[in-house]
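Read through the structure below, which is laid out as structure tokens, and then see the notes.
The values are calculated or read from the model by the stated rules, or taken from the named source; none is laboratory data. The model shown is predicted, which means the values in this text are computed figures rather than measured ones. A quick note on method: Cβ atoms are made from the backbone with ideal geometry, for glycine too, and the neighbour counts reach across all protein chains shown.
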2 protein chains.
Amino acid sequence: MRMTPQRQLVLDAVRELGHATPEQVCKRVQGTAATVNITTIYRALDLLEELGLVRHTHLGHGAPTYSAEEHEHVHLACHRCGEVDEVDPAVLGDLGRRLLAERGFELDATHLALSGLCRACRAAGPEQTPADPPQQHAEEHR
Amino acid sequence: MRMTPQRQLVLDAVRELGHATPEQVCKRVQGTAATVNITTIYRALDLLEELGLVRHTHLGHGAPTYSAEEHEHVHLACHRCGEVDEVDPAVLGDLGRRLLAERGFELDATHLALSGLCRACRAAGPEQTPADPPQQHAEEHR
DNA sequence: TTATGTGCAAAAAGTTTGCAAGCAC
DNA sequence: GTGCTTGCAAACTTTTTGCACATAA
């Protein structure tokens, strides 16, 4: 395989964006090279993932996000507002070890987010339907 | 709202299936009432979720799965074979408490799966491309 | 030339929406 | 009749596939 300009742009975009959906990567790449097709983005992401240069994480709702491999931490996704926080995998303590011992399950903590309510949303109270439904804050970004 | 036959069938299906995608729920319901439309399944699932009778969990790949509310545990999803194991939320130990204290993040451990490699896939070894690619065992069920 | 990579169009999968018809009260 | 519910068709979003053309070695 060759590190083509398109693939390099995709890798750069992933590194710069931190986490990004294929759609967002596409936008970014097209800022530099407008003709690059979304198909190429998907293919490049798959390939870069096979090479171990990027990984993807499921944040809960629709699209997975891609990030550079070096960027390794556990994601905390708020299912009220969609905010994603990042924490050191060390917070998991010996969970990985216990799952391995008890269930034979080898945890990859960075691949999926942990879901819950972020500080801001907890502070905002448990109301299900905010009186003034703040746009961009829909449940799970539908 | 009324507990219509369709909605009852959807709820029953979710309870019987344990975890199921909307598609699977639809198949099941149509076993009893063939004319029920997939649209109705989606609407019923949303509604039952608002009522707190079912919840959905993101297992990592495409479709979310629905399960009955009483069915509460942490999911371990294998990203090699797609198997989903279930464990008692107690395995998480004080993780929830620590995240709350350190990050103000209120964990809902049942909403997202933990991802990793199941015992069987670990035993099968780390080969990326099995010599005999077992169908139904694609990475993340693409 | 041979294999690889790209863009485009179309297909596929999953989900949502609009609307007319049906049913409960 | 009024309003909630359903089925159907169509739209939409995200991702994948087929194919012809371009490009590198």
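Put simply, of B:Val14, B:Val25, B:Val36 the only residue that is touching a strand residue (DSSP E or B) at 6+ places or on another chain (Cβ under 6 Å) and on the phi < 0 side of the Ramachandran plot is B:Val14.
Does A:Leu48 meet the test of being out of contact with any Gly (no Cβ under 8 Å at 6 or more places or on another chain) and of a type in the set (A, V, I, L, M)? So A:Leu48 passes the test.
Among the residues of the stretch B:12-22, which ones are farther than 26 Å from A:Ala113 by Cβ, within 14 Å of DNA strand D (Cβ to nearest atom) and within 15 Å of the chain's Cα centre (by Cα)? Passing the criteria: only B:Ala13. Every condition in (1) in contact with a Gly (Cβ under 9 Å, 6 or more places away or on another chain); (2) within 10 Å of DNA strand C (Cβ to nearest atom); (3) among the small types (Gly, Ala, Ser) is met by A:Gly60 except one, and the failing one is (2).
Among the conditions (1) surrounded by 14 or more Cβ atoms within 10 Å (Cβ to Cβ); (2) part of a helix (DSSP H, G or I); (3) more than 15 Å from the chain's Cα centre (by Cα); (4) within 14 Å of DNA strand D (Cβ to nearest atom), the only one that A:Leu9 does not satisfy is (4). Inspect all residues belonging to the stretch A:67-77 and state whether any of them is at pLDDT below 85, of a type in the set (Ser, Thr, Tyr) and surrounded by 18 or more Cβ atoms within 10 Å (Cβ to Cβ). Checking the stretch A:67-77: not a single residue is at pLDDT below 85, of a type in the set (Ser, Thr, Tyr) and surrounded by 18 or more Cβ atoms within 10 Å (Cβ to Cβ). The helices (runs of 4 or more DSSP H) located wholly in the stretch A:23-127 that include 2 or more residues which are closer than 19 Å to B:Arg80 by Cα, more than 7 Å from every other protein chain (Cβ to nearest Cβ) and under 18 Å from the mean Cα position of the chain (by Cα) occupy A:38-50. When the residues of the stretch B:1-57 are filtered to those that are of a type in the set (Ser, Thr, Tyr) and more than 26 Å from A:Cys78 (Cβ to Cβ), the one that is nearest to DNA strand C (Cβ to nearest atom) is B:Thr39. Residues in the stretch B:37-52 that are of a type outside the set (S, T, N, Q) and surrounded by fewer than 19 Cβ atoms within 10 Å (Cβ to Cβ): B:Ile38, B:Tyr42, B:Arg43, B:Asp46, B:Leu47, B:Glu49, B:Glu50, B:Leu51, B:Gly52. Residues that are over 22 Å from B:Glu69 (Cα atoms) and in contact with a Pro (Cβ under 8 Å, 6 or more places away or on another chain) within the stretch B:24-56 comprise just one, B:Ala33. Among the conditions (1) in contact with a strand residue (DSSP E or B) (Cβ under 7 Å, 6 or more places away or on another chain); (2) at pLDDT below 85; (3) of a type in the set (Ser, Thr, Tyr); (4) farther than 20 Å from B:Thr110 by Cα, the only one that A:Thr129 does not satisfy is (1).
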